[in-house]
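Undergrad: Starting off with a structure, shown below.
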Amino acid sequence: MKNDPVLAALEKLDDIPLRTAEGRVQFVRALNAKSNLVVAKAAKLIGNALWLEMAVEVASALERFLEGAADKGCSAKLALARALNQLEYDGAELFLAGMKCVQQEPVWGGSEDVAAELRAVCAACLAGSVYPYKLRALVDLLADTEWPARAGAVRALAALGGDLATLLLRFKTLTGDPELEVFSDCLSGLLQLEGASALPLVLSFTGNRQPEEIRDTAVLALGESRRADAVAALTEMFGRTVDGDRRKCILLALATSRSEAASEFLEELIRTGTPLEKAMAAEVVKSVR
């Protein structure tokens, strides 16, 4: 293990000075390394340092891996794409290629596409570009077979904003998704883009006729929005809800919002609620600290 050249190269990266001429030379060498792990760590360090002057070299490395350089687990491509997102690099053609990347690798009982998260990150990069047809590409990703890619498309649409992106999120919300995280991202995106106008739609998923997992996801999305009207809706909902598990979910959403109104409601419940309400409120407040 001590003589492992990859391990030695990984350790050496920590000692390279950032934002210096000598450091640039060494990081360029690292980005061109054969080991995908060395490239991935170099990209992470560059991105975290917001070293804008290295963006072109990072993009060149991503292009090399997209063209077929060995990258088990998609480690290098994913780290490079994340770095380019941090560096706000505008390279639409590169990101479009990343959004089409599929990398099947063997797992127990079959295979797995390990590039789904890469497609999601490239979608975020594309949303920040000047590419005029980004919506078209994001719509295609909404129908991806892997849920992390679909979730990435939803988040990218929320970041992009505008009427068309909002309508796409509404359509995706109403037609549903088998993965709850995608549905949650849709609700959060709508609350972010539409504000009060999205509240009736989100609240419609909290009704008694909805499956429990859909109901709870909508409740938690209201809390995560941290909107005053969403907090007001949650406090009103708590007052008319009888089921203990649902009440606890509502309290968790309120605690997650971390708003002043929600904090005051929880504190009052701890002081004056029933023994069960006091215990539930205290538990959720403790869980989010």
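Bear in mind that the values in this text are calculations on the coordinates, not laboratory data. Being a predicted model, the structure only gives us computed values, none of them experimental. Cβ sites come from the backbone with ideal geometry, for glycine too, and all protein chains shown count toward neighbours.
Undergrad: Does Asp15 fit the bill of being surrounded by fewer than 20 Cβ atoms within 10 Å (Cβ to Cβ), without any contact (Cβ under 8 Å) to a residue 24 or more places away in the chain, of a type in the set (Asp, Glu) and within 17 Å of Lys72 (Cβ to Cβ)?
TA: For Asp15, the condition - surrounded by fewer than 20 Cβ atoms within 10 Å (Cβ to Cβ), without any contact (Cβ under 8 Å) to a residue 24 or more places away in the chain, of a type in the set (Asp, Glu) and within 17 Å of Lys72 (Cβ to Cβ) - is not met.
Undergrad: Could you check how many residues of the range 1-38 are part of a helix (DSSP H, G or I) and under 24 Å from Ala70 (Cβ atoms)?
TA: Here the count works out to 18.
Undergrad: Additional query: Filtering the range 39-74 down to residues that are at positive phi and part of a helix (DSSP H, G or I), which residue is surrounded by the most Cβ atoms within 10 Å (Cβ to Cβ)?
TA: Checked the range 39-74; the qualifying residue surrounded by the most Cβ atoms within 10 Å (Cβ to Cβ) is Cys74.
Undergrad: Tell me, which residue of the range 165-178 that is of a type outside the set (S, T, N, Q) and in a helix (DSSP H, G or I) is nearest to Ala143 (Cα to Cα)?
TA: Only one residue fits best here, namely Lys172.
Undergrad: What are the residue pairs meeting all of these: first residue in the range 179-192, first residue touching a residue at least 12 places away in the same chain (Cβ under 8 Å) and part of a helix (DSSP H, G or I), second residue surrounded by fewer than 22 Cβ atoms within 10 Å (Cβ to Cβ) and of a type in the set (Phe, Trp, Tyr), Cβ atoms under 7 Å, and 6 or more apart or on different chains?
TA: Hits for this filter: Glu181/Trp147; Val182/Trp147.
Undergrad: Scan the range 75-104 for residues that are in a helix (DSSP H, G or I) and among the charged types (D, E, K, R) and jot them down.
TA: Answer for the range 75-104, where residues must be in a helix (DSSP H, G or I) and among the charged types (D, E, K, R): Lys77, Arg82, Glu93.
Undergrad: On to the next question. State which residue is farthest from Leu266 (Cα to Cα) when the search covers only the range 184-237 and only residues that are touching an Asp or Glu at 6+ places or on another chain (Cβ under 8 Å) and buried (at least 20 other Cβ atoms within 10 Å of the Cβ).
TA: Among residues in the range 184-237 that are touching an Asp or Glu at 6+ places or on another chain (Cβ under 8 Å) and buried (at least 20 other Cβ atoms within 10 Å of the Cβ), the one farthest from Leu266 (Cα to Cα) is Cys186.
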